[in-house]
Amino acid sequence: MEPNERFPISLGEAIFSLRAIRRVRPDPIPENDLRDILAAAIQAPNGGNAQPWHFLAVRDPELRRELGALYREAWWAKRADQGIRGPEDIDRSNQTMVSAMRLADEFGEAPVVVLVCATEQGANAMGSVIPSVQNLLLAARALGIGGTITTLHAVVDERAKALLGIPAEAQIVYAVPLGYPKGNFGPVTRKPLAEVASIDRWDNSIG
């Protein structure tokens with residue numbers, strides 16, 4: 001069966017129920033499902049069809065544990081850049097931040113972490129890779145698998161590359177933990193379309 005024949009829900013259902021899933025069960029993801037998710041990712045548009053991407057799916061438990069420790073360090077390094085020094089500085093009413101902090105502790109427990117990489121440095125290569133992540137997440141959603149977009153930090157970049165044999169000239173654009181959700185998919189809360197879209201001129205709201 002071809003990958004495009006294996007997704008059991010409509011594109012519309014996938015789009016309108018896709019949300020960031022930060023808590024996942026440890027259940028393994030079948031290899032056929034993982035392959036189909038990655039096959040969907042590489043169908044994405046990219047500049048000049050250069051396809052400057054590489055998708056590294058990390059499944060080995062020890063590698064995930066080590067990558068999880070690096071992710072946690074990276075997450076707190078980004079918070080330090082914002083003036084946040086520790087959990088006591090996190091506003092507990094900010095549920096997204098609290099959820100992200102918990103993910104920093106649990107990152108390596110996801111059964112698969114996909115590192116979405118550009119095969120060369122620079123904004124052009126990175127820009128060509130980014131659309132693939134939406135395909136990846138939509139395909140995962142169609143198979144009942146959740147994930148979220150995360151990034152690392154310069155303080156761990158070289159160590160993450162060394163851990164996983166990633167060439168120095170590559171960019172780790174995103175790190176996407178994947179797994180079966182502990183919670184539920186969508187719907188999501190978004191601003192009204194009229195606030196963020198217009199026709200012909202910026203001030204002509206789509207209404």
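The values are calculated or read from the model by the stated rules, or taken from the named source; none is laboratory data. Note that the structure is a prediction, hence the values are computed from the model and not measured. Here the Cβ positions follow ideal geometry from the backbone for every residue, glycine too, while neighbour counts run over all protein chains shown. Calculation scope for accessible area: heavy atoms of the full protein, side chains included, ligands and nucleic acids excluded. Shrake-Rupley method; radii C 1.70, N 1.55, O 1.52, S 1.80 Å.
Restricting the first member to the stretch 63-80 and to residues that are hydroxyl-bearing (Ser, Thr, Tyr), and the second to residues that are outside any helix (DSSP H, G or I) and open to solvent by less than 20 Å² (accessible area, probe 1.4 Å), the beta-carbon pairs closer than 9 Å and six or more apart or on different chains are TYR71/VAL113; TYR71/THR150; TYR71/ALA175; TYR71/PRO177. In the stretch 103-129, the qualifying residues are those that are farther than 16 Å from ALA20 by Cα and without any contact (Cβ under 8 Å) to a residue 60 or more places away in the chain, and the one that is least open to solvent (accessible area, probe 1.4 Å) is GLY108. Within the stretch 178-191, the set of residues being of a type outside the set (Lys, Arg) and surrounded by 10 or more Cβ atoms within 10 Å (Cβ to Cβ) comprises LEU178, GLY179, TYR180, PRO181, GLY183, ASN184, PHE185, GLY186, PRO187, VAL188.
In the stretch 149-175, the residues that are more than 12 Å from CYS117 (Cα to Cα) reach residues that are of a type in the set (Lys, Arg) with C-beta atoms within less than 7 angstrom, at least six apart or across chains, in these pairs: HIS153/LYS78.
Name the helices (runs of 4 or more DSSP H) wholly within the stretch 122-207 that hold at least 1 residues that are in contact with a Gly (Cβ under 6 Å, 6 or more places away or on another chain), modelled with pLDDT of 95 or more and of a type outside the set (Gly, Ala, Ser)? Write out each step before concluding.
On the way: elements: 123-142, 154-164, 193-196.
Fully inside the stretch 122-207 and qualifying: 123-142.
Cβ-Cβ contacts under 8 Å between residues 6 or more apart (or on different chains), taken from a first residue in the stretch 89-100 that is open to solvent by 30 Å² or more (accessible area, probe 1.4 Å) to a second residue that is part of a helix (DSSP H, G or I) and among the charged types (D, E, K, R), are listed as ASP89/ARG79. The residue list SER128, SER93 contains one member that is of a type in the set (Gly, Ala, Ser) and in contact with a Pro (Cβ under 7 Å, 6 or more places away or on another chain), which is SER128.
Got at least one residue in the stretch 12-29 being open to solvent by less than 30 Å² (accessible area, probe 1.4 Å), in contact (Cβ under 8 Å) with a residue 60 or more places away in the chain and aromatic (Phe, Trp, Tyr)? Within the stretch 12-29, not a single residue is open to solvent by less than 30 Å² (accessible area, probe 1.4 Å), in contact (Cβ under 8 Å) with a residue 60 or more places away in the chain and aromatic (Phe, Trp, Tyr). Evaluated against (1) out of contact with any Cys (no Cβ under 7 Å at 6 or more places or on another chain); (2) hydrophobic (A, V, I, L, M, F, W, C); (3) open to solvent by less than 30 Å² (accessible area, probe 1.4 Å), VAL173 falls short on exactly one condition, (1).
So for the stretch 144-155 (the condition being open to solvent by 70 Å² or more (accessible area, probe 1.4 Å) and touching a strand residue (DSSP E or B) at 6+ places or on another chain (Cβ under 9 Å)), does at least one residue qualify? It would help to see each step written out before you state the result.
Going through the stretch 144-155, the residues open to solvent by 70 Å² or more (accessible area, probe 1.4 Å) turn out to be 149, 154-155.
Then keep just the ones that are touching a strand residue (DSSP E or B) at 6+ places or on another chain (Cβ under 9 Å); that gives 149.
Within the stretch 144-155, one or more residues are open to solvent by 70 Å² or more (accessible area, probe 1.4 Å) and touching a strand residue (DSSP E or B) at 6+ places or on another chain (Cβ under 9 Å).
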